[in-house]
Amino acid sequence: MIREIRPAIVLLVALTLITGLAYPLAMTGIAGVLFPTQAQGSLIEKDGKVVGSALIGQEFKDEKYFHGRLSATTAPDPADSTKTVPAPYNAANSGGSNLGPTSKALADRLKEDVDKLKTENPSTPVPADLVTTSASGLDPDISPEGALFQVRRVAKARNMPEERVRELVAQNTQARFAGLLGERRVNVLALNLALDAAAK
């Protein structure tokens, strides 16, 4: 009986060592050499201090900053563990709101957000990404149209010329990957850091 079981045990140990230890370590090492920034979480630093990641959005409420996509992520309510509370860009609980197109709550929220944004820029149509959430709730990017829509508010709050703010948006607009995949986008954290640097 031992003769029949021994190959199974050897195979189990060998595959565990190969797929559970050697392969992950090799891939981590290769990723660290070929893509050092991405392997460390695409961290963004300011004055030697980590201020965020290029892969996870942040909530900017101040009028002098560009605002990112809305986030529907939640966290447990500290007062009642059976409930949740909004926690924008909560990477520990990535997900969307799961509200569908027939949801009254979603329709009401969209109308309220669109009306609010129209007061800030009445002559321009509101870009969809400024009033919709992403599936992950962590999206760090907005469309160039979403950034340009906010130029007037940001320039006014910072007392900067609108043209200068538009230049910063253009400088921080990323092209499609290899010119084919994805859409043009603006990383909100990178743009806001460029804005702070330009204001000095």
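Is it true that THR82 is assigned by TED's automatic domain parsing to the domain that holds LEU138 and in contact with a Pro (Cβ under 8 Å, 6 or more places away or on another chain)? Before you say what the answer is, go through the steps one by one.
Numbers: assigned by TED's automatic domain parsing to the domain that holds LEU138: yes; in contact with a Pro (Cβ under 8 Å, 6 or more places away or on another chain): no.
Spelling it out, it is not the case that THR82 is assigned by TED's automatic domain parsing to the domain that holds LEU138 and in contact with a Pro (Cβ under 8 Å, 6 or more places away or on another chain).
Starting from segment 153-178, take each residue that is over 20 Å from THR124 (Cβ atoms) and list its partners that are surrounded by 14 or more Cβ atoms within 10 Å (Cβ to Cβ), counting only C-beta distances under 8 angstrom and pairs at least six apart or across chains.
From residues that are over 20 Å from THR124 (Cβ atoms), the pairs are GLN171/ALA194; GLN174/ASP141; GLN174/ARG185; GLN174/VAL186; GLN174/ASN187.
Let's see how each residue does on (1) assigned to a loop (DSSP other than H, G, I, E, B); (2) hydrophobic (A, V, I, L, M, F, W, C); (3) farther than 26 Å from ALA54 by Cβ:
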| position | (1), (2), (3) |
| --- | --- |
| PRO125 | yes, no, yes |
| ALA155 | no, yes, no |
| ARG164 | no, no, no |
| LEU189 | no, yes, no |
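Return the residues of segment 177-187 that are modelled with pLDDT of 90 or more and either assigned to a loop (DSSP other than H, G, I, E, B) or surrounded by fewer than 12 Cβ atoms within 10 Å (Cβ to Cβ) (or both); say none if nothing qualifies. I'd like the intermediate steps shown before the answer.
In the first step, residues of segment 177-187 are kept if they are modelled with pLDDT of 90 or more; the result is 183-187.
Of everything in segment 177-187, those that are modelled with pLDDT of 90 or more and either assigned to a loop (DSSP other than H, G, I, E, B) or surrounded by fewer than 12 Cβ atoms within 10 Å (Cβ to Cβ) (or both) turn out to be GLU183, ARG184.
Within segment 1-37, can you find the residues that are over 35 Å from the mean Cα position of the chain (by Cα) and exposed (fewer than 10 other Cβ atoms within 10 Å of the Cβ)?
MET1, ILE2, ARG3, GLU4, ILE5, PRO7, ALA8
Condition test on ALA135, is it buried (at least 18 other Cβ atoms within 10 Å of the Cβ), among the aliphatic types (A, V, I, L, M), over 26 Å from ASP196 (Cα atoms) and touching a Gly at 6+ places or on another chain (Cβ under 7 Å)?
no
Quick one: in segment 144-190, which of the residues that are out of contact with any Gly (no Cβ under 8 Å at 6 or more places or on another chain) and among the β-branched types (Val, Ile, Thr) is farthest from PHE60 (Cα to Cα)?
The extreme case among them is THR173.
The values are calculated or read from the model by the stated rules, or taken from the named source; none is laboratory data. Remember, it's a predicted structure, so these values are computed and weren't measured experimentally. Please note: Cβ atoms are built from the backbone with ideal geometry, for glycine as well, and neighbour counts cover all protein chains shown.
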